[in-house]
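Chemist: My questions all concern the structure below.
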Amino acid sequence: MAVSRVDIANRALTKLGAGRVIALDDDNQKSNTISSMFDILRDAELRANIWHFSKARAVLPALADKPLFGFSRQFQLPADFLRLIQIGGRRCNPRPEVDGWYSLEEGRILISQDGPLRIRYVKRVEDVTLFDALFVEAFACRLAMESAETLTNSGTKRQLAQGEYQQAMAQARRMNAIERPVVTTADDTWLEARR
């Protein structure tokens, strides 16, 4: 069954014990509150984790203008870009300043590498029918958590929604709806002795 924006909103409202809405453009407190934060929190959740359904690839041509200093080339990021995953075959750190081999500035990748630049990235997914079921659950929990005090005047409801959010994220990680990079550990003397 395809999910809609209203279905996600109603899932969040149900978690708060609030009544359901018919549409997100209705002129009432529940609709106004959820619709005002829907797109912002969706993008935040997509950016915070690498969900399988939000991964994309692009081949970027080098721009004619070169950066003023520090790098030899720059490439325009796609319009739906939220987070960089890889450049070429090299995984990117969520904090580019740690790596230092590229920089994200003003919607561009600055790097000392010739084009075209092959990237994998997290994209903005606006079509809710493409959402993973576990993302829908985590996102509904996040909406409930963020709107709890406005809709219920209850800090307790917010804490309960936060607990449900953490459980939903843990389940998504267990079910591999969120890609986690493989962590390799170096062999130590104890492992070497066992061989």
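Chemist: What are the ³J(HN,Hα) values, in whole Hz, obtained from phi via the Karplus relation 6.51 cos²θ - 1.76 cosθ + 1.60 with θ = phi - 60°, for each residue of region 12-17 in sequence order, with x given for Gly and Pro?
Modeler: My calculation for region 12-17 gives 5, 5, 4, 5, 8, x Hz in order.
Chemist: Let me ask something additional. Which residue, V3, N49, L82, has the largest displacement toward the positive end of the dipole of the chain when charges sit on each Cβ (Lys, Arg +1; Asp, Glu -1)?
Modeler: N49
Chemist: Along the charge dipole of the chain, which of S72, G107, L151 sits closest to the positive end, that is, farthest toward it, with unit charges on the beta carbon of Lys, Arg, Asp and Glu (+1, +1, -1, -1)?
Modeler: So the residue we want is S72.
Chemist: Another question, then. Among all the lysines, which ones have a C-alpha under 21 Å from K123's C-alpha, if same-chain residues fewer than 8 places away are not counted?
Modeler: K55
Chemist: Now for a separate question. Where does helix 155-174 land angle-wise versus the long Cα axis of the chain, in degrees 0 to 90, nearest 10?
Modeler: In the chain, helix 155-174 runs at an angle near 40 degrees to the longest axis.
Chemist: So how strong a dipole does the chain carry about its Cα centre when Lys and Arg Cβ are +1 and Asp and Glu Cβ are -1, to the nearest 20 debye?
Modeler: 520 debye
Chemist: Choose one answer from F135, F69, F81: the residue with the largest mean-square fluctuation in a GNM of the chain with alpha-carbon springs under 10 Å.
Modeler: Ranking F135, F69, F81 by mean-square fluctuation puts F69 first.
Chemist: Still on this structure, I have one more. Taking square-rooted eigenvalues a ≥ b ≥ c of the alpha carbon gyration tensor, is region 47-147 rounded, prolate or oblate, where a/c under 1.5 means rounded and, failing that, a/b exceeding b/c means prolate?
Modeler: Since a/c reaches 1.5 and a/b is larger than b/c, the shape of region 47-147 is classed as prolate.
Chemist: Return the whole-Å distance between the Cα centroid of region 113-142 and the Cα centroid of region 19-50.
Modeler: What the calculation gives is 17 Å, centre to centre.
Chemist: Given contacts defined as C-alpha pairs under 8 Å and at least six residues apart, what's the relative contact order of the chain, whole-number percent?
Modeler: It rounds to 25 percent for the chain.
Chemist: How large is ³J(HN,Hα), in whole Hz, for each residue of region 21-34 in order, when computed from phi with the Karplus curve 6.51 cos²θ - 1.76 cosθ + 1.60 and θ = phi - 60°, using x for Gly and Pro?
Modeler: 10, 8, 8, 7, 9, 5, 8, 9, 4, 5, 4, 4, 5, 5
Each reported figure results from applying straightforward, stated rules to the coordinates on display, with no laboratory input. The shown structure was predicted, so the numbers you read here are calculated from the model rather than taken from an experiment. Cβ atoms come from the backbone with ideal geometry, glycine included; neighbour counts cover every protein chain shown.
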